[in-house]
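A.B. asks: Submitted below is the structure of interest, expressed as structure tokens.
The values are calculated or read from the model by the stated rules, or taken from the named source; none is laboratory data. Remember, predicted model here, so these are calculated numbers, not experimental data. Please note: Cβ atoms are built from the backbone with ideal geometry, for glycine as well, and neighbour counts cover all protein chains shown. Each accessible area value is taken on the protein alone, full model and side chains, heavy atoms only, with ligands, DNA and RNA left out. Shrake-Rupley method; radii C 1.70, N 1.55, O 1.52, S 1.80 Å.
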Amino acid sequence: MWQHLVVSMALLSATTAICHPAERERARQGASIFADLSAQELKEVKNFLFSRPDLRLSSVREENLKKNSIFLIELHVPKKSEALRALDKGHEKPVRQARVVIQFGDQPHPNITEYIVSPLPNPTCLKPRTFKSKQSIKFESRPISLVEYKHLTKTLKEVTEKAYRILMESSGFSFHNCTDRCLTFSDIAPRGVESGERRTWIMLQKFVEGYFIHPVGFEVMINHKSLDPSEWFVEKVWYNEQYFDSVEELVEKYERGEVRKVKLGEHNDEDLFSTYIPRGERNTPNNIHGPKTVLPQGPRYRVDNNFVEYAGWSFAFRVRSSAGLQLFDIRFNGERIAYEISLQEALAFYAGSSPAVMQTKYIDAGWGMGTVGYELAPGIDCPEVSTFIDLYHFYDTNHPVRYKNALCIFEMTTNTPLRRHYNNNFRGGYNFYAGLENTALVIRTTSTVYNYDYIWDFYFYQNGVVESRVSATGYIHSQFFTSDGVNYGNKVYSYVLGNLHTHLVNYKVDLDVAGRQNSFESLSLKYENITNPWSPSHFIVQSKLHRTQHEKERHAAFPFGKTLPRYLHFYNPNQKNRWGHYKGYRIQFNSHAYSVLPKGWKEEKGVTWSRYPLAVTRYRDSEMTSSTIYCQNDPWEPVVHFEDYIRNNENIVNEDLVAWVTVGFLHIPHSEDIPNTATPGNAVGFFLRPFNFFDEDPSVASKSTVIVRPHKDSFTKLNTQRWTPEVVGHCVSDKPFYYNGTYYEV
């Protein structure tokens with residue numbers, strides 16, 4: 001039975017207990033430091049801001065673009081040193097603060113200003129927030145709002161009305177004054193080719209299920225930099241591989257027969273290619289359900305507000321409106337492994353022959369990647385037995401918005417043993433069999449950034465391993481098929497090209513391995529050729545461990561195109577395990593990412609983190625994120641330039657270190673991406689694995705181990721040792737599937 005919770009108190013098993021009660025309690029109490037702002041806190045911040053006459057704020061829904069309005073309110077995470085004083089020393093928790101983004105359009109020189117509002121829940125103070133670069137935020141770099149979309153739609157209706165005959169003859173669909181066969185659109189970013197511009201390519205598509213793969217071969221670029229929509233105008237039109245300087249030019253030439261026309265053919269409503277409706281042959285019986293996740297005796301984890309405990313693990317979580325899921329104060333048996341592991345940015349850079357697709361360089365924080373995680377479906381998005389949690393965001397709205405069941409937490413079995421051994425006696429029997437089932441706790445959210453759906457997971461295993469995984473699904477971004485289309489992808493329908501693109505995802509991994517003072521080394525192998533000591537006339541060639549200490553930031557930034565060392569080891573040079581080795585964790589990649597643009601190219605300046613699968617920097621409060629919500633629409637002059645974090649080339653020996661991890665994959669769409677990209681083979685990520693951190697595998701504490709030994713007098717008699725109930729228990733809930741899918745202002 002799934003639970004609809006904002007605060008969940010799932011049962012806590014004995015295996016969840018942390019060794020040090022005082023540390024556990026500080027971790028539990030301290031989790032609220034990182035908790036997202038509540039709906040009431042969001043309202044209090046908004047009311048405080050509207051009480052300030054100097055801000056001259058208007059409703060974000062007011063249709064006038066020349067206004068001052070609140071675009072974003074979210075938690076402002078305190079400085080690390082302040083949080084650790086509370087978490088580690090029991091000091092008073094830092095004052096809760098809000099980060100606020102205000103768009104000042106009602107002034108001679110419009111700009112965007114960020115503020116810190118405090119203290120919460122009763123704010124009285126407002127102070128500007130700046131970035132490390134001290135660079136001002138250009139108004140043109142703002143994310144697009146619902147009001148601006150409304151004006152764009154109105155402009156597009158005026159444009160397409162002039163091209164009504166062309167659209168109807170070409171596709172049988174229209175954008176304006178339609179009731180049945182309607183067109184919709186996808187807008188492309190970045191919006192221009194240099195800083196300060198705001199001109200957007202728009203692609204028309206049939207408004208049917210899965211419209212992302214129904215382009216009609218008509219694209220238009222609208223200049224909407226002016227805050228007066230009546231001054232917006234069309235700069236270019238693309239129709240069937242031909243460019244025009246205006247809609248009027250296209251219409252005139254079309255009527256004179258000077259344009260190569262295209263006709264898609266009569267639309268067939270029975271053609272299901274872009275829908276999820278089942279078709280084809282399958283031998284699986286449809287009168288029974290498949291396997292399900294069950295909790296035979298109930299949950300073995302605990303969720304207390306934003307604090308989670310499981311099998312020795314504990315952590316706090318939040319979902320940042322701009323970028324998504326963040327974990328803080330990650331501990332195993334009370335000992336901190338990492339201070340923060342968080343999603344920073346995701347991008348998808350495309351290639352194509354149509355102007356819209358060749359311009360497509362999506363940088364997803366600019367679309368509110370954390371706010372587009374909607375309700376998760378029990379039994380599909382998460383097991384029915386999951387703990388479901390509501391999220392609240394204040395993003396391009398007048399009121400907090402509740403996203404029901406947008407995050408889930410569950411324990412699962414991997415159906416592969418964590419470890420096992422059959423000890424053969426080579427006489428038709430065995431000495432013993434032992435095994436331990438592999439279970440993990442998963443915390444999951446999703447982001448549906450228009451066509452693509454990302455599934456964000458963190459897995460916590462019993463042996464001290466953390467896995468970060470992103471799975472990509474959803475619809476491909478496609479264009480109308482052209483004569484040279486196969487240079488940029490594959491044909492996936494009679495007139496549709498699935499365009500090649502590269503996905504990259506950047507994470508911040510602030511490791512605190514056995515304390516804040518850490519160092520970083522890479523381990524590789526080198527061959528050695530030595531005289532055979534037991535046969536001196538021969539030689540032995542074997543591998544020998546080679547360690548490289550990375551002492552400076554630049555030396556610890558590994559660019560794409562060069563071989564990444566196989567072992568990336570973060571350790572505490574002041575702490576050793578029982579066997580004399582420095583206590584450490586290593587990062588292991590599951591990725592086949594590569595760079596998306598040449599170094600220093602125009603748009604690449606906004607995503608310089610994409611140069612490196614791994615870059616290690618010294619922790620700085622001024623280097624909190626690798627990207628911003630403004631980078632999408634101004635990658636040319638970004639307010640956060642990640643390369644600056646490395647440029648000063650600071651010492652990273654025995655310091656507080658941050659690993660910036662980039663994973664991803666190349667996607668060349670193919671016919672099997674219809675109707676949707678499937679997750680198998682499209683999941684990437686990384687592992688944090690203990691490397692001499694413990695004295696032995698900590699999962700030996702698990703009571704789920706089973707050991708079987710034959711009786712000394714008879715192989716037919718067994719001595720079985722187990723520490724959990726022999727009878728598994730009841731099965732999954734018998735409640736019917738239910739899904740609502742709505743979100744609403746509160």
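A.B. asks: Is it true that E603 is open to solvent by 10 Å² or more (accessible area, probe 1.4 Å), under 27 Å from L666 (Cβ atoms) and either of a type in the set (D, E) or under 18 Å from the mean Cα position of the chain (by Cα) (or both)?
C.D. replies: Yes; evaluated as a whole, the condition is true for this residue.
A.B. asks: Looking at region 33-51, I want the residues that are of a type outside the set (V, I, T) and have a partner that is open to solvent by 50 Å² or more (accessible area, probe 1.4 Å) with Cβ atoms under 6 Å, at least 6 apart or on another chain. Which pairs are those?
C.D. replies: What qualifies is A39/Y392; A39/V746; E41/P121; E44/P121.
A.B. asks: Please verify whether region 636-650 includes one or more residues that are surrounded by 23 or more Cβ atoms within 10 Å (Cβ to Cβ) and over 23 Å from V596 (Cα atoms).
C.D. replies: No, because not a single residue in region 636-650 is surrounded by 23 or more Cβ atoms within 10 Å (Cβ to Cβ) and over 23 Å from V596 (Cα atoms).
A.B. asks: Just to be sure, is E92 under 30 Å from T360 (Cβ atoms), among the acidic types (D, E) and open to solvent by 70 Å² or more (accessible area, probe 1.4 Å)?
C.D. replies: On the way: under 30 Å from T360 (Cβ atoms): no; among the acidic types (D, E): yes; open to solvent by 70 Å² or more (accessible area, probe 1.4 Å): yes.
No: the conditions fail for E92.
A.B. asks: Does region 601-614 contain any residue that is of a type in the set (K, R), touching a residue at least 24 places away in the same chain (Cβ under 8 Å) and in a loop (DSSP other than H, G, I, E, B)? Give the steps one after another, and end with the answer.
C.D. replies: As a first pass, look at region 601-614 and keep what is of a type in the set (K, R): 602, 605, 611.
Pick out the ones that are also touching a residue at least 24 places away in the same chain (Cβ under 8 Å) and you get 602, 605, 611.
Checking the rest, the ones that are also in a loop (DSSP other than H, G, I, E, B) come to none.
No.
A.B. asks: Can you find a residue that is within 27 Å of K602 (Cα to Cα), touching a Ser or Thr at 6+ places or on another chain (Cβ under 7 Å) and outside any strand (DSSP E or B) anywhere in region 213-224?
C.D. replies: yes
A.B. asks: Looking at region 20-37, can you tell me whether even one residue there is within 22 Å of V308 (Cα to Cα), open to solvent by 30 Å² or more (accessible area, probe 1.4 Å), at pLDDT 95 or above and in a loop (DSSP other than H, G, I, E, B)?
C.D. replies: Just the residues of region 20-37 that are within 22 Å of V308 (Cα to Cα), to begin with: 20-37.
Pick out the ones that are also open to solvent by 30 Å² or more (accessible area, probe 1.4 Å) and you get 20-26, 28-29, 32, 36.
This time we only want the ones that are at pLDDT 95 or above, so: 32, 36.
Now restrict to residues that are in a loop (DSSP other than H, G, I, E, B): 36.
For region 20-37, residues within 22 Å of V308 (Cα to Cα), open to solvent by 30 Å² or more (accessible area, probe 1.4 Å), at pLDDT 95 or above and in a loop (DSSP other than H, G, I, E, B): present.
A.B. asks: What strands (runs of 3 or more DSSP E) lie completely within region 349-453 and have 1 or more residues being surrounded by fewer than 19 Cβ atoms within 10 Å (Cβ to Cβ) and within 15 Å of the chain's Cα centre (by Cα)? Let's see the steps before the verdict.
C.D. replies: Numbers: elements: 361-363, 387-395, 401-424, 430-449.
Result: 430-449.
A.B. asks: If I filter region 638-646 for residues that are outside any strand (DSSP E or B), more than 22 Å from I341 (Cα to Cα), touching a Gly at 6+ places or on another chain (Cβ under 6 Å) and modelled with pLDDT of 95 or more, do I get at least one hit? Walk me through how you get there before you give the answer.
C.D. replies: In the first step, residues of region 638-646 are kept if they are outside any strand (DSSP E or B); the result is 638-646.
The next check asks that each one be more than 22 Å from I341 (Cα to Cα); those that pass are 638-639.
Next, only the ones that are touching a Gly at 6+ places or on another chain (Cβ under 6 Å) stay: 638.
Keeping just the survivors that are modelled with pLDDT of 95 or more gives 638.
Checked against the condition, which is being outside any strand (DSSP E or B), more than 22 Å from I341 (Cα to Cα), touching a Gly at 6+ places or on another chain (Cβ under 6 Å) and modelled with pLDDT of 95 or more, region 638-646 yields at least one hit.
A.B. asks: Okay, next question. Give the residues of region 300-311 that are assigned to a strand (DSSP E or B) and either of a type in the set (A, V, I, L, M) or open to solvent by less than 10 Å² (accessible area, probe 1.4 Å) (or both), sorted by residue number.
C.D. replies: Kept after step one, since they are assigned to a strand (DSSP E or B), are these residues of region 300-311: 301-304, 307-310.
Hits for region 300-311 are Y301, V303, F307, V308, E309, Y310.
A.B. asks: Separate question: Please count how many residues of region 312-347 are closer than 15 Å to R24 by Cβ, among the polar types (S, T, N, Q) and buried (at least 24 other Cβ atoms within 10 Å of the Cβ).
C.D. replies: Residues in region 312-347 being closer than 15 Å to R24 by Cβ, among the polar types (S, T, N, Q) and buried (at least 24 other Cβ atoms within 10 Å of the Cβ): 1 in total.
A.B. asks: Report yes if A86 is within 28 Å of A338 (Cβ to Cβ), small (G, A, S), out of contact with any strand residue (DSSP E or B) (no Cβ under 8 Å at 6 or more places or on another chain) and open to solvent by less than 70 Å² (accessible area, probe 1.4 Å), otherwise no. Please lay out each step first, then the result.
C.D. replies: Values: within 28 Å of A338 (Cβ to Cβ): yes; small (G, A, S): yes; out of contact with any strand residue (DSSP E or B) (no Cβ under 8 Å at 6 or more places or on another chain): yes; open to solvent by less than 70 Å² (accessible area, probe 1.4 Å): yes.
Criteria met by A86.
A.B. asks: Would you check if there is a residue in region 500-522 being open to solvent by 30 Å² or more (accessible area, probe 1.4 Å), within 17 Å of S671 (Cβ to Cβ) and not in a loop (DSSP other than H, G, I, E, B)?
C.D. replies: No: zero hits.
A.B. asks: Does at least one position in region 395-416 carry a residue that is β-branched (V, I, T), in contact with a Gly (Cβ under 7 Å, 6 or more places away or on another chain), under 17 Å from S468 (Cβ atoms) and touching a residue at least 60 places away in the same chain (Cβ under 8 Å)?
C.D. replies: no
A.B. asks: Now, a different point. When you check Y527 against the structure, is it open to solvent by less than 60 Å² (accessible area, probe 1.4 Å) and either hydroxyl-bearing (S, T, Y) or modelled with pLDDT of 95 or more (or both), yes or no? Steps first, answer last, please.
C.D. replies: On the way: open to solvent by less than 60 Å² (accessible area, probe 1.4 Å): no; either hydroxyl-bearing (S, T, Y) or modelled with pLDDT of 95 or more (or both): yes.
No, not satisfied.
A.B. asks: Follow-up question, since we're still on this one. Name the single residue that is farthest from S342 (Cα to Cα) among those in region 651-683 being acidic (D, E) and surrounded by 15 or more Cβ atoms within 10 Å (Cβ to Cβ). Show your work before the answer.
C.D. replies: Narrowing region 651-683 to residues acidic (D, E): 655-656, 672-673.
Subset that is surrounded by 15 or more Cβ atoms within 10 Å (Cβ to Cβ): 655-656, 673.
On the way: E655: 20, D656: 17, D673: 29 Å.
Within region 651-683, the match that is farthest from S342 (Cα to Cα) is D673.
A.B. asks: Please specify each residue of region 201-215 satisfying the condition of being touching a residue at least 40 places away in the same chain (Cβ under 8 Å) and within 15 Å of H477 (Cβ to Cβ).
C.D. replies: Initial filter on region 201-215 (touching a residue at least 40 places away in the same chain (Cβ under 8 Å)): 201-204, 206, 208-215.
Within region 201-215, W201, I202, M203, L204, G210, Y211, F212, I213, H214, P215 qualify.
The rows are residues; the columns are (1) within 22 Å of the chain's Cα centre (by Cα); (2) farther than 30 Å from E209 by Cβ.
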{"residue": "S627", "(1), (2)": "yes, yes"}
{"residue": "N633", "(1), (2)": "yes, no"}
{"residue": "E637", "(1), (2)": "no, yes"}
{"residue": "I674", "(1), (2)": "no, no"}
{"residue": "F686", "(1), (2)": "yes, yes"}
{"residue": "D697", "(1), (2)": "no, yes"}
{"residue": "A701", "(1), (2)": "no, yes"}
{"residue": "P710", "(1), (2)": "no, yes"}
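A.B. asks: Identify the residue in region 476-494 that is under 15 Å from Y350 (Cβ atoms) and aliphatic (A, V, I, L, M) and, among all such residues, is most open to solvent (accessible area, probe 1.4 Å).
C.D. replies: It comes out as V492.
A.B. asks: Being part of a strand (DSSP E or B) and either hydroxyl-bearing (S, T, Y) or open to solvent by 20 Å² or more (accessible area, probe 1.4 Å) (or both) is the filter here, so list the residues in region 51-69 that pass it. I'd like the intermediate steps shown before the answer.
C.D. replies: First pass over region 51-69, keeping only residues part of a strand (DSSP E or B): 57, 68-69.
Answer for region 51-69, where residues must be part of a strand (DSSP E or B) and either hydroxyl-bearing (S, T, Y) or open to solvent by 20 Å² or more (accessible area, probe 1.4 Å) (or both): L57, S69.
A.B. asks: Considering only region 497-531, state which residues are farther than 16 Å from R586 by Cα and under 27 Å from the mean Cα position of the chain (by Cα).
C.D. replies: If the condition is that a residue be farther than 16 Å from R586 by Cα and under 27 Å from the mean Cα position of the chain (by Cα), then L497, G498, N499, L500, H501, T502, H503, L504, V505, N506 are the ones that fit.
A.B. asks: Take the residues in region 225-259 that are part of a loop (DSSP other than H, G, I, E, B) and among the polar types (S, T, N, Q), then tell me which one is nearest to the chain's Cα centre (by Cα). I'd like the intermediate steps shown before the answer.
C.D. replies: Filtering region 225-259 for residues part of a loop (DSSP other than H, G, I, E, B) gives 225-228, 232, 240-241, 245-246, 256-259.
From the residues that got through so far, the ones that are among the polar types (S, T, N, Q) too are 226, 240, 246.
Working: S226: 33, N240: 36, S246: 39 Å.
For region 225-259, the residue satisfying everything is S226.
A.B. asks: Checking the conditions here, which among V294, V262 is part of a loop (DSSP other than H, G, I, E, B), touching a helix residue (DSSP H, G or I) at 6+ places or on another chain (Cβ under 8 Å), surrounded by 14 or more Cβ atoms within 10 Å (Cβ to Cβ) and not hydroxyl-bearing (S, T, Y)? Write out each step before concluding.
C.D. replies: Numbers: V294 fails: touching a helix residue (DSSP H, G or I) at 6+ places or on another chain (Cβ under 8 Å).
Within the list V294, V262, the selection yields V262.
A.B. asks: When you scan region 676-692, do you find a residue that is in contact with a Gly (Cβ under 9 Å, 6 or more places away or on another chain) and at pLDDT below 85, even just one?
C.D. replies: Looking through region 676-692, none of the residues is in contact with a Gly (Cβ under 9 Å, 6 or more places away or on another chain) and at pLDDT below 85.
A.B. asks: Using the structure shown, decide if F207 is of a type in the set (F, W, Y), crowded, with 16+ Cβ neighbours inside 10 Å and touching a strand residue (DSSP E or B) at 6+ places or on another chain (Cβ under 6 Å). Don't jump to the end; show me each part of the working.
C.D. replies: Details: of a type in the set (F, W, Y): yes; crowded, with 16+ Cβ neighbours inside 10 Å: yes; touching a strand residue (DSSP E or B) at 6+ places or on another chain (Cβ under 6 Å): yes.
Yes, satisfied.
A.B. asks: Right, here's the next one. State all residues of region 177-195 that are open to solvent by 10 Å² or more (accessible area, probe 1.4 Å) and in a loop (DSSP other than H, G, I, E, B); if no residue qualifies, say none.
C.D. replies: Hits for region 177-195 are N177, C178, T179, D180, R181, V193, E194, S195.
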